[in-house]
Each structure stands twice: as C-alpha cells, then as structure tokens.
Amino acid sequence: MTRTPTRKTRQQSPVRRSQHRPVSRRPSRPRPRNWQLRAALSGAALCVALLAWAAIARQLAPDSNTLLTRFDAIVVLGTPADSDGNPAPAQLASVTEAVHEYERGVAPRLILTGGAAHNQFVEARVMAQAAHAQGIPESSIFIEPDAQDTIQNACYSVRIMKSHGWHSAEVVSSAAHLPRVSLILSHLPSDWRLEWRTHAAPSLSPDSAANNIASASVETLKTMRYLIWARFADHCEL
C-alpha cells in the first residue's frame, strides 16, 4: 500500500501579545482667536478707556481760576437758534441768566459769541436781540459773530477782551457744557492772563432724566474728542 504523503505542519510560535502602554496625550493648545475679533475687542476696550478718561476729566474740571466775584464781562456761549431764527430754549436760558447776572452787578457788559454754525442764523445776533429785549442797553452788548465751535467761542471772545484791555470774565452756558468749557479755558494761551469762572444757566423748564443723560453723554463724547485731538489741532492765537 502506498502511503499518502502527510503535509508537514509548521509549528506556529505563540503570538506575543504586545504590551499596550497608555499613550500620553499632550494637552491641546487653544486655538488662536480670529484677528478680527481680537481687533474688535481691543478697539472696544480702548473706547471704554477713552470715555472713562473724558468722564473723569469732566468731574475734575475746575469751575474757576480766580476768587473774583465781579468781572469785566459776562461771556455767553452760543447755541443754535430755531429754524425761524428765534432763540431756542437752551439759548434763551443762557441769555436770561446772563441778564440776571448783569442786573446783579456781576459785570457791566455782555459778550455774546456764536456764528451761523448750525443754520443760517448767527447765534450771537439772535442772543443780542433777546438780551436787548430784556433790558440790556446796546452799549453794553458786544457781538462775536464768527465762532463755529466752543474753542472758537472762547478764543474769539478773549480776543475782544484783549482788544479792550479786559482781563476777567464770567462764562455762562448750560451745566452739561461747562466742564468742557473749563478745560478749554484752562488751555488758552498763557500770553494773555484771563481770570474766569463758569456759571450754569438753569433750564427754563424742567428737564427729563433722559434729556439730562443724553446731554451728558454727548458732552462726554465731545470732551473725549477735545482731549485726544481738538485741543492740539485747533490753535487759539490771541
């Protein structure tokens, strides 16, 4: 009998199980934020800081640089007339308070300052008519008709004072406006020594809380603009 050949079977070596060590995962790095988001956050932080600076500057602004109670002139800062050329409430309030100060003997004359900054009506001339209607003689009224902003109000009024040899003034405007006015007066050129104090004109009718907040917010923005740009760009030459 022939034997069928037997197939040689290979002996398989036992499979060694690999020892699985725990793989240490590196902590994932935080993905960098989008540059536009970072720029927006930086810009917002800068705006908040500048607004805070302006608000603090308004709180610390002086209301005078003198102890005088009598002055050479009362300077009334302009605000826009209405669309018909009549004194707007804020404008009439400033003129009326200046007239009261004149009648109290604070100063013997008024300087009314303001050009046609917001419409075709010259603010100083509208205020002069209102002051004259309240009893101020024309000889005691001086008109500055060219100023287009508060810096020019202060600068051009001081020019009038310098030309007459006057050295002191009470400056009348709204309460919200005066802190910025004080900062401007504090930075006038030192070649003409001006003694000044500010005086708030009360509103002729009660203001709502919303109006007061809005006025303060607008003035804070304008103060920020003055601090970072306008006081360097708009030079007053006396």
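The values are calculated or read from the model by the stated rules, or taken from the named source; none is laboratory data. Nothing here was measured: the structure is a model prediction, and the numbers come from that model. A quick note on method: Cβ atoms are made from the backbone with ideal geometry, for glycine too, and the neighbour counts reach across all protein chains shown. For the accessible areas, the whole protein counts, side chains as well, though only heavy atoms, and no ligand, DNA or RNA atoms are used. Shrake-Rupley method; radii C 1.70, N 1.55, O 1.52, S 1.80 Å.
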Fill in the blank from the handout: Of Arg159, Arg193, Arg197, the only residue that is open to solvent by 40 Å² or more (accessible area, probe 1.4 Å), of a type outside the set (S, T, N, Q) and touching a Ser or Thr at 6+ places or on another chain (Cβ under 7 Å) is Arg197
Problem - Search result, residues across segment 205-238 that are among the aliphatic types (A, V, I, L, M) and either part of a helix (DSSP H, G or I) or loosely packed, with under 12 Cβ neighbours inside 10 Å (or both) - result: Ala209, Ala210, Ile213, Ala214, Ala216, Val218, Leu221, Met224, Leu227, Ile228, Ala230, Ala233
Completion exercise
Leu188 fails exactly one of (1) out of contact with any Pro (no Cβ under 6 Å at 6 or more places or on another chain); (2) over 15 Å from Thr113 (Cβ atoms), namely (2)
Exercise for the section: Please verify whether segment 126-144 includes one or more residues that are loosely packed, with under 15 Cβ neighbours inside 10 Å, under 28 Å from the mean Cα position of the chain (by Cα) and not hydroxyl-bearing (Ser, Thr, Tyr). Expected result: no
Problem - Those residues of segment 57-70 which are open to solvent by 100 Å² or more (accessible area, probe 1.4 Å) and outside any loop (DSSP other than H, G, I, E, B), in sequence order - result: Gln59, Leu60
Handout entry: Positions within segment 71-97 being crowded, with 21+ Cβ neighbours inside 10 Å and assigned to a loop (DSSP other than H, G, I, E, B), in sequence order
Key = Phe71, Gly78, Thr79, Ala81, Pro87
Practice task
Tell me, please, whether a residue that is modelled with pLDDT of 95 or more, touching an Asp or Glu at 6+ places or on another chain (Cβ under 8 Å) and closer than 20 Å to Ser168 by Cβ can be found in segment 81-94.
Solution key: no
Handout entry: Of the criteria (1) acidic (Asp, Glu); (2) under 21 Å from Ala176 (Cβ atoms); (3) at pLDDT 95 or above, which one Asp72 fails
Key = (2)
Exercise for the section: Specify the residue that is farthest from Asp207 (Cα to Cα); the eligible residues are those in segment 75-110 that are aliphatic (A, V, I, L, M) and more than 24 Å from the chain's Cα centre (by Cα). Expected result: Ala107
Completion exercise
By residue number, the members of segment 98-120 that are buried (at least 21 other Cβ atoms within 10 Å of the Cβ) and in contact (Cβ under 8 Å) with a residue 40 or more places away in the chain are Ala98, Ala107, Ile111, Thr113
Practice task
Can you tell me which residue among Arg26, Arg16, Arg31 is open to solvent by 90 Å² or more (accessible area, probe 1.4 Å), more than 27 Å from the chain's Cα centre (by Cα) and either modelled with pLDDT of 60 or more or under 30 Å from Thr220 (Cβ atoms) (or both)?
Solution key: Arg26
Exercise for the section: Could you check, for segment 141-157, whether at least one of its residues is at pLDDT 95 or above, among the polar types (S, T, N, Q) and over 25 Å from Glu219 (Cβ atoms)? Expected result: no
